[in-house]
Each structure stands twice: as C-alpha cells, then as structure tokens.
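One structure is given here, and the rest of the page talks about it.
The values are calculated or read from the model by the stated rules, or taken from the named source; none is laboratory data. None of the values given here were measured: they were computed from a predicted structure. As a convention, Cβ positions derive from the backbone with ideal geometry for all residues, glycine included, and neighbour counts pool all protein chains shown.
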Amino acid sequence: MNLAIVGLQWGDEGKGKIVDFLARDFDVNARYQGGSNAGHTVRCGGEKVIFHQIPCGTLNKNVTGVIGGGCVLDPKIFFDEIDGLKRYDAAIEARIRISKFCNLIMPYHILIDEYREGTKQSIGTTKKGIGIAYEDKYGRIGIRVGDLYDTETFEKRLRLNISRKNHILMDVYNAEPLSDREIFDLYMEYAERMKPMVADDTLILYDAMVKNKNVLFEGAQGAMLDIDYGTYPYVTSSHTITSSVGIGLGIPPCSVERVLGVAKAYTTRVGLGPFPTEDTGLFGDRLRESGAEFGSTTGRPRRCGSFDAALIRYTARINGAKEMIITKLDVLSGVDKIKIAVGYESGDEFDPFAADTLVPKYIEVPGFVEDVSQVRSADDFPAEAVNYIKTLEEHTGLKVSHVSVGPEREAIVKM
Ligand code: IMP
C-alpha cells in the first residue's frame with residue numbers, strides 16, 4: 001500500500017511525528033517537494049529531533065529515505081542534518097538517496113531570499129532560498145545534483161548564474177559580489193560526499209512498487225501553502241498537494257493509493273498572509289504558549305486560532321483526503337468552550353481569492369478540563385473530547401482515524 005501524508009492547513013500540523021509513527025510499516029519514505037524550509041519534529045528516545053530535508057521516517061532502520069527530484073536541496077543543511085542524526089543511528093547515511101534531478105540551493109539563493117525579505121516584496125519566508133531556487137529551476141538556469149558530476153557543465157552553469165546574481169546583489173541590493181571559485185570548490189566537496197547517495201529516484205520508486213513494497217510519500221508544508229491552490233502569493237514555491245507526488249518523484253499519478261490528511265485540533269500559520277480564524281487575543285496567546293507554537297525552522301512565533309472546518313473541506317477536496325489524523329488535542333485541555341469555524345458570513349465554501357476578507361461563522365462545543373496527554377484508548381477520552389472530534393468529522397466530512405495527544409511516538413490514539 002502506498003500512502004501519502006499531507007498537511008491540510010498551513011504546515012506544522014505535526015506530519016513529522018505521524019510519518020515517524022507510520023514508517024515502521026513502510027519500506028521507502030519519499031519526499032516529493034520543498035527543501036530546508038520544512039521543519040518536521042520527531043521524538044527519539046525522549047529527545048526532540050528536527051528533520052529539514054531528510055524524510056523523517058528514515059530513523060526506522062527498515063526504511064530507505066528518498067529526496068525526490070521535485071525537492072530543492074541545500075547540501076550544507078543536509079550534511080548538518082545527517083551528522084546530527086548519526087547520534088541516533090550511525091548507519092543512517094547508507095539508507096538515504098538523493099535524486100539526481102533535484103535542484104540545488106546555492107548561496108546566492110539564500111542571500112537574495114534574505115535581501116528580498118527586507119523589501120516590500122516580503123511574504124515572511126523562512127529565508128532558506130527556497131523561492132529563489134525554484135525561480136531558477138523554472139527559469140531553466142538551475143543547477144541540479146546530477147550536474148555536479150559533469151564538472152565542465154557545472155562550472156559553466158555556475159559562472160553564468162554568479163554573473164547574473166552578482167548584478168542583482170550589487171545593483172538591486174547594494175551588496176558584495178560572490179566569488180564563483182569559492183562556491184565551485186565548496187560544491188565539489190559536497191559532490192564528493194554526496195556521491196554514494198545520488199540516484200535516480202524514478203527507478204528506486206518504480207522498483208519498489210513493482211516489488212509490491214510499501215511507499216510512504218511525505219509532503220512538506222501544508223496544502224494552504226501550495227503555489228497554485230494556497231493563499232497566493234503568501235505560499236511556498238512548490239506544489240504541496242498530493243498531485244505533486246507523481247511529478248516530484250517521476251512516477252505516475254495512480255501511485256498514490258491512499259491519502260491521509262493531518263490537521264491540528266486548532267489552526268496555526270507562520271509568515272504573512274490571510275488566516276480567517278486567527279485569534280490575536282488571549283485565546284491565540286494561550287494556544288501559542290500551551291502548544292509551544294514557535295517555528296521549528298526559524299523559531300518565529302506562530303499565529304494561532306480556531307479550527308476551520310470549511311478550510312479543511314477545501315484542502316481535503318483538492319488532496320483527495322477522506323480521512324485525517326488530528327494532532328495536539330491535548331493543547332485544548334482546559335478551554336471552557338471550543339469554537340469551530342464551519343463556514344463564512346459570505347458562504348460556506350473557502351475561497352483562497354477571498355481569504356483575507358472571509359469572516360468565519362463559528363459554532364461552540366463544550367471543552368474538557370481533563371489532561372488527555374496520557375490517553376491511549378479512545379474509550380478513555382472525556383465525553384467532551386469525543387464530541388469535539390465527532391463535530392470535526394461532521395463539519396469536514398472526513399473520518400478521524402487517529403488523534404495525537406503528545407509529541408512522543410506512542411502518544412497517539414486510534415479512533
Ligand atoms: P518559503 O517556503 O521559505 O519560501 O516561505 C514561504 C511561506 O511558507 C512562508 O509563509 C513560510 O513561513 C511558509 N513555510 C515554509 N515552510 C514551512 C513549513 O515547513 N511550515 C510552515 N510554514 C512554512
């Protein structure tokens with residue numbers, strides 16, 4: 001069975017923990033888009049481990065982790081991540097494969113992202129160079145992992161890029177020019193270390209599927225950050241929705257056999273852009289504190305608010321999700337009455353074009369005071385918590401398959 005895990009909100013839904021939890025039943029865990037902007041948090045032996053580019057089920061020793069051709073790769077962050085993960089599994093490097101089709105994030109991408117974020121064009125990016133790297137990819141001047149192994153092509157492309165980027169750096173941002181020699185040498189070092197991991201992702205995935213192995217497709221960010229169907233222009237620069245699995249790994253669309261959405265029991269977003277149920281008052285502050293809602297990549301405080309069932313109906317539809325996992329239910333413990341948005345004053349459908357003017361229509365359900373973080377069986381949830389979950393099911397049209405009640409792997413309840 002091939003399963004896609006996708007975030008149904010603006011990212012940070014807790015996909016990392018879910019992928020880590022499910023991965024023990026899979027042979028391959030493949031990322032199909034995004035790059036070092038992602039921050040997927042997993043608990044390992046009581047410690048918090050943050051994955052940025054490596055598929056986060058790869059700590060399971062049965063799993064091969066694949067970084068697909070639809071991703072953009074920052075080699076420095078990638079090696080730092082591997083070196084950090086070696087504390088938990090010295091042999092992890094041998095289980096990681098990087099697509100030769102993957103575009104590289106270069107130092108000038110990061111610099112331009114940083115400078116641009118200081119202008120009126122800012123959308124609150126993670127400043128990891130993601131958007132600029134995808135601009136080069138679609139402008140057909142990007143440098144791919146596979147290009148590193150043809151030194152002449154690499155050098156030619158790098159020179160061309162540096163001369164163009166130096167114009168931007170100097171003329172637009174009044175910054176120092178970059179040296180192509182230094183970057184060439186650095187990326188040649190990366191190429192050497194990366195070599196045993198570089199592969200053709202289309203073949204790895206094809207072989208796995210022909211042999212009836214189980215593949216777990218791991219989306220990064222969330223559906224509302226999709227470049228086309230999210231809250232444009234306040235989005236990331238890749239397709240985060242499940243249709244992107246085929247493109248991002250070079251496999252046919254029918255490869256996705258099942259889609260599991262992940263949504264928090266409330267809503268958060270980092271960066272700028274519309275957020276209809278945002279609560280800038282005490283409730284939002286309370287969620288941020290109790291839920292430790294600070295970005296795992298940038299440390300920025302996350303904006304917080306109520307669950308938006310109308311938004312989930314939209315993201316479930318565009319992703320083909322029929323079921324979802326609700327995360328962080330424990331954070332709502334102690335809230336007197338819990339609000340859920342079920343539609344908007346202007347109509348019940350979420351419309352990304354109107355997202356900044358949508359006024360939510362709320363219903364209220366009784367909250368629960370009990371600490372649910374130790375619950376491991378659905379029968380042990382307080383009646384109000386069960387009612388909250390049932391109400392989410394009713395208004396999203398999705399079956400809730402599991403509820404996560406804490407960061408640890410075992411803090412999850414099958415419904
Ligand atoms: P970029 O992907 O760094 O270009 O940032 C574009 C938007 O996506 C910004 O609003 C970021 O905060 C958001 N973003 C990017 N990656 C993540 C993520 O992993 N979780 C949540 N938001 C993200």
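Observations
- Residue within the range 195-210 that is part of a loop (DSSP other than H, G, I, E, B) and under 14 Å from the mean Cα position of the chain (by Cα) present: no
- Those residues of the range 267-289 which are within 15 Å of the ligand (Cβ to nearest atom) and not charged (D, E, K, R), in sequence order: Thr267, Thr268, Val270, Gly271, Leu272, Gly273, Pro274, Phe275
- Any hit, the range 70-85, residues being assigned to a loop (DSSP other than H, G, I, E, B) and farther than 26 Å from Lys137 by Cβ: no
- Odd one out for Asp336 among (1) modelled with pLDDT under 95; (2) within 16 Å of the ligand (Cβ to nearest atom): (2)
- Selection status of Thr242, assigned to a helix (DSSP H, G or I), under 24 Å from the mean Cα position of the chain (by Cα) and of a type in the set (S, T, N, Q): no
- Scanning the range 201-218 for residues that are on the phi < 0 side of the Ramachandran plot and surrounded by fewer than 16 Cβ atoms within 10 Å (Cβ to Cβ) returns Leu203, Asp207, Val210, Lys211, Lys213.
- Candidates are the residues of the range 307-331 that are surrounded by 24 or more Cβ atoms within 10 Å (Cβ to Cβ) and among the hydroxyl-bearing types (Ser, Thr, Tyr); the one that is farthest from Thr242 (Cα to Cα) is Thr327.
- Every condition in (1) assigned to a helix (DSSP H, G or I); (2) surrounded by fewer than 18 Cβ atoms within 10 Å (Cβ to Cβ); (3) hydrophobic (A, V, I, L, M, F, W, C); (4) in contact (Cβ under 8 Å) with a residue 24 or more places away in the chain holds for Leu169 except the one numbered (2).
- Selection of the range 112-127 for residues being assigned to a helix (DSSP H, G or I), free of Cβ contacts under 8 Å to residues at least 24 places away in the same chain and more than 21 Å from the chain's Cα centre (by Cα) yields only Arg116.
- Within the range 243-261, the set of residues being crowded, with 23+ Cβ neighbours inside 10 Å and of a type in the set (Val, Ile, Thr) comprises Val245, Ile251.
- Any hit, the range 341-349, residues being among the hydroxyl-bearing types (Ser, Thr, Tyr) and touching a residue at least 40 places away in the same chain (Cβ under 8 Å): yes
- For the residues Ile143, Ile162, Ile130, the requirement of being touching a residue at least 40 places away in the same chain (Cβ under 8 Å), β-branched (Val, Ile, Thr) and within 16 Å of the ligand (Cβ to nearest atom) singles out Ile130.
Residue-wise test of (1) surrounded by fewer than 24 Cβ atoms within 10 Å (Cβ to Cβ); (2) within 17 Å of Val270 (Cα to Cα); (3) touching a residue at least 24 places away in the same chain (Cβ under 8 Å); (4) not charged (D, E, K, R).
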| position | (1), (2), (3), (4) |
| --- | --- |
| Asn2 | yes, no, yes, yes |
| Gly7 | no, yes, yes, yes |
| Trp10 | no, yes, yes, yes |
| Arg24 | yes, no, yes, no |
| Val28 | no, no, yes, yes |
| Arg31 | no, no, yes, no |
| Gly34 | no, yes, yes, yes |
| Thr41 | yes, yes, yes, yes |
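- Residue match in the range 290-297 (condition: away from the ligand (no atom under 12 Å from the Cβ) and closer than 23 Å to His239 by Cβ): no
- Conditions (1) touching a Lys or Arg at 6+ places or on another chain (Cβ under 8 Å); (2) outside any helix (DSSP H, G or I); (3) more than 12 Å from Ile96 (Cα to Cα); (4) away from the ligand (no atom under 15 Å from the Cβ): number failed by Val66: (3)
- Residues of the range 298-314 classified as within 15 Å of the ligand (Cβ to nearest atom) and in a loop (DSSP other than H, G, I, E, B), total: 4
- The range 1-51 - residue that is assigned to a strand (DSSP E or B), touching a Cys at 6+ places or on another chain (Cβ under 7 Å) and within 9 Å of the ligand (Cβ to nearest atom) and, of those, nearest to Phe307 (Cα to Cα): His40
- Screening the candidates Leu216, Leu178, Leu203 for the property of being aliphatic (A, V, I, L, M) and free of Cβ contacts under 8 Å to residues at least 60 places away in the same chain yields one hit, Leu203.
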